[in-house]
């Protein structure tokens, strides 16, 4: 039997919405002539194709930006944080730490600690107790005993107020406020300024106001350590309570006044049913302080909920990575945190599918769950689409001694509970081991982990090693070497596994290989036991090597359980562009097959990164869609692309075979794993004819029509075809034609529609 005819018969077995249709006997016809080829491999529509049926391979979100409002967050108990345009502040029980923005390239933060030191009324000291900061409609309140300290926040400033609801007497009110930091203090006409060469913080415009609106501007005196403000007894004696003392705090910048807060290092993850994705990224406040944010998106890449704040404290967040849990319908963002004056640690926060964040979850720090000291660096996280008893798996590198790092991992429940008594050592030795990465999900089975290991012998190059971790936390394969040439193999990314017959699995490893300064992207197919099945230098293979001389870097990869999508950045000498390539590894293959080469995600402007997550990784429902996260360097904004993950070109094209008034339309998708539907638009009794491409005149049979289908299989109307998840189908073309009774053009009782060709992608 013709192999394509066999595939057509196999496809017919997957027809959805079967219904009884008349069994029409069609007389045997001479062998059909080939009427046309399907869409070309470059995705160009044939002349007879309907351009309106061309699918959108790539669509992008709007640039994701911080809202024009003061943001608040409480990552741990106690301190409440707020952020405006050019300031952020941490409010605790005794005051606030005000951190001005002096430019992303400021060498560090220059905080000004503002703390109420003492208050007296008529010489009588008031007792100041520690309060609990609370926020209501942008106003932070701290009850300090006899007075309430408030901070009214605006995008450009904070107005501090001391509110006296009652007074022990009507004498003068004297307030001492400690102002401490590295900035040099000087007097202004109406207050104080704390400055360095990058900018200044001003503490000025103190005024006393009573309940009737009576106002009295006040001087702010400075003694080198504290500010002193006095409300005269005459004003106090006549004031109607509550009495309020208001100074204003704001930022003034100099050289850094126009500098943008740089945004970098995005990552993405997905959830299914309903479809959600998340992009996380970090934003540079100073050279030693990066903040972190996230935005949840719906299936159309529209924002779900507001911006999710992960951090804008004085702690430095580095390398944020994210994965998802279908069981909890949440995301977990893990990062390397560098608290001021402490070793780097690994911590996380969860984000719900509506954008609500949890408190900080400490996964590993010195003295916490480990017996060794040193910084914990470069984490990555894998999720699990299993609907119950799932977990996240976090991998990182730990410095055990100076010059030597080892790889560890620990599982965390979707609610943030640490699983197991301590972290598990994945790989150690005398060689330095760095840059671990883990598959985006287990696909309800295992996580795959890859990392760099410095060779123990000359030329001391970087090689790649791998291991496999079960969903229960066991090490089932590895560590073993998977890329060990004399060149540097770096920046690995490992996909979620693809299931194959016999219970085996495949993963794709993508990495940079560098020789003489030129970076290429190499892809390696690994089996479940981490043996190498095939290698492909993607940079050299694509477009016949036409772009092999360009520098390609930052590869990222994931799978949709059928194929793999590899994204990367490419430097053309003047700007960075982002591309994605769809790769398959069919049964019996010796090298990976490139199904879609160099799909342009961003080529107009300067863009970078290509963090990838398939929707399948977030739920295991068949889907060819991938989410890709990047940064537009020019606009300095995160952006998300939704990529179809299939060959370019139309799903359907129409060939004229109509006789009579019948019409036929196509909807859905001809991508493997998805569903295509064909509808004959008539009220007459009707059906569809399914087969391969054909073109045969029926005139010799007394029928003034053309059959556009070869090897016809008669099917219902409408006809829905679930395309099997078989990469061997990609590129094949099948045809569907409609028929209706009570027509007059064929045998006196039958009409035929045009024929729609469906190209499997």
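Considering the range 137-151 alone, what residues qualify as being within 17 Å of residue 72 (Cα to Cα) and crowded, with 16+ Cβ neighbours inside 10 Å?
Going residue by residue through the range 137-151, those that are within 17 Å of residue 72 (Cα to Cα) are 137-142, 150-151.
If the condition is that a residue be within 17 Å of residue 72 (Cα to Cα) and crowded, with 16+ Cβ neighbours inside 10 Å, then 140, 141, 142, 150, 151 are the ones that fit.
Consider residue 341 against the criteria (1) without any contact (Cβ under 8 Å) to a residue 24 or more places away in the chain; (2) outside any strand (DSSP E or B); (3) closer than 25 Å to residue 557 by Cα: it satisfies all of them except one. Which criterion is unmet?
So the condition that residue 341 fails would be (3).
Has the range 80-89 got at least one residue that is in contact with a strand residue (DSSP E or B) (Cβ under 6 Å, 6 or more places away or on another chain) and surrounded by fewer than 20 Cβ atoms within 10 Å (Cβ to Cβ)?
no
Considering only strands (runs of 3 or more DSSP E) fully contained in the range 82-170, which possess at least 3 residues that are free of Cβ contacts under 8 Å to residues at least 60 places away in the same chain? Break it down into steps so the answer makes sense when it comes.
Numbers: elements: 87-91, 95-100, 112-121, 134-136, 139-143, 147-153, 157-164.
Filter on the range 82-170 gives 112-121, 139-143, 147-153.
Hey, could you check the range 407-423 for residues that are surrounded by fewer than 22 Cβ atoms within 10 Å (Cβ to Cβ) and in contact (Cβ under 8 Å) with a residue 24 or more places away in the chain and say which is nearest to residue 329 (Cα to Cα)?
Among those residues, the one meeting the criterion is 414.
Return the only residue of 546, 613 being modelled with pLDDT of 90 or more and closer than 22 Å to residue 275 by Cβ.
613
Would you mind finding the one in 506, 491, 563 that is touching a strand residue (DSSP E or B) at 6+ places or on another chain (Cβ under 9 Å), in the same structural domain as residue 632 (by TED's automatic domain parsing) and within 15 Å of residue 464 (Cα to Cα)?
None of the others qualify; the one that does is 491.
Just checking, does the range 256-273 include any residue being in the same structural domain as residue 389 (by TED's automatic domain parsing), free of Cβ contacts under 8 Å to residues at least 24 places away in the same chain and within 17 Å of the chain's Cα centre (by Cα)?
no
So residue 576 ticks every box in (1) in contact (Cβ under 8 Å) with a residue 40 or more places away in the chain; (2) more than 19 Å from the chain's Cα centre (by Cα); (3) farther than 14 Å from residue 554 by Cβ but one. Which box is left unticked?
The number of the failed condition is (3).
Are any residues in the range 673-686 more than 30 Å from residue 644 (Cα to Cα), surrounded by fewer than 21 Cβ atoms within 10 Å (Cβ to Cβ) and touching a residue at least 12 places away in the same chain (Cβ under 8 Å), and if so, which ones?
Passing the criteria: 684, 685.
Any idea which residue in the range 274-313 is nearest to residue 623 (Cα to Cα), counting only those that are under 14 Å from the mean Cα position of the chain (by Cα) and not in a strand (DSSP E or B)?
Among residues in the range 274-313 that are under 14 Å from the mean Cα position of the chain (by Cα) and not in a strand (DSSP E or B), the one nearest to residue 623 (Cα to Cα) is 275.
Quick one: which of 154, 132 is surrounded by fewer than 14 Cβ atoms within 10 Å (Cβ to Cβ), at negative phi and assigned by TED's automatic domain parsing to the domain that holds residue 109?
Of the residues listed, the single one that is surrounded by fewer than 14 Cβ atoms within 10 Å (Cβ to Cβ), at negative phi and assigned by TED's automatic domain parsing to the domain that holds residue 109 is 132.
Within the range 741-749, is there a residue that is under 48 Å from the mean Cα position of the chain (by Cα), surrounded by fewer than 22 Cβ atoms within 10 Å (Cβ to Cβ) and touching a residue at least 40 places away in the same chain (Cβ under 8 Å)?
No, the range 741-749 contains no residue that is under 48 Å from the mean Cα position of the chain (by Cα), surrounded by fewer than 22 Cβ atoms within 10 Å (Cβ to Cβ) and touching a residue at least 40 places away in the same chain (Cβ under 8 Å).
For the range 192-217, give me the residue count where each residue is within 46 Å of the chain's Cα centre (by Cα) and in a strand (DSSP E or B).
Looking only at that region, the number is 13.
Which of the residues that make up the range 387-406 are in contact (Cβ under 8 Å) with a residue 60 or more places away in the chain and surrounded by fewer than 16 Cβ atoms within 10 Å (Cβ to Cβ)?
387, 388, 389
Mind listing just one residue for me: the one in the range 687-723 that is within 11 Å of residue 738 (Cα to Cα) and in contact with a helix residue (DSSP H, G or I) (Cβ under 8 Å, 6 or more places away or on another chain) and, of those, surrounded by the most Cβ atoms within 10 Å (Cβ to Cβ)? It would help to see each step written out before you state the result.
Kept after step one, since they are within 11 Å of residue 738 (Cα to Cα), are these residues of the range 687-723: 687-690, 707-709, 714-719.
Within this subset, residues satisfying the condition of being in contact with a helix residue (DSSP H, G or I) (Cβ under 8 Å, 6 or more places away or on another chain) are 690, 715.
Working: 690: 24, 715: 22.
For the range 687-723, the residue satisfying everything is 690.
Among the residues of the range 491-506 satisfying the criterion of being modelled with pLDDT of 95 or more and in a strand (DSSP E or B), which is farthest from residue 584 (Cα to Cα)?
Here the residue is 491.
Looking at residue 116, is it in the same structural domain as residue 168 (by TED's automatic domain parsing) and over 24 Å from residue 165 (Cβ atoms)? Write out each step before concluding.
On the way: in the same structural domain as residue 168 (by TED's automatic domain parsing): yes; over 24 Å from residue 165 (Cβ atoms): no.
It is false that residue 116 is in the same structural domain as residue 168 (by TED's automatic domain parsing) and over 24 Å from residue 165 (Cβ atoms).
Checking residue 631 against (1) modelled with pLDDT under 90; (2) outside the structural domain of residue 750 (by TED's automatic domain parsing); (3) assigned to a strand (DSSP E or B), which test does it fail?
Among (1) modelled with pLDDT under 90; (2) outside the structural domain of residue 750 (by TED's automatic domain parsing); (3) assigned to a strand (DSSP E or B), the lone unmet condition for residue 631 is (1).
Kindly indicate whether residue 599 is at pLDDT below 90, over 14 Å from the mean Cα position of the chain (by Cα) and within 18 Å of residue 761 (Cβ to Cβ). Give the steps one after another, and end with the answer.
Working: at pLDDT below 90: yes; over 14 Å from the mean Cα position of the chain (by Cα): yes; within 18 Å of residue 761 (Cβ to Cβ): yes.
In short, yes.
The values are calculated or read from the model by the stated rules, or taken from the named source; none is laboratory data. Worth saying up front: this structure is predicted, and the values here are computed from it rather than measured. As a convention, Cβ positions derive from the backbone with ideal geometry for all residues, glycine included, and neighbour counts pool all protein chains shown.
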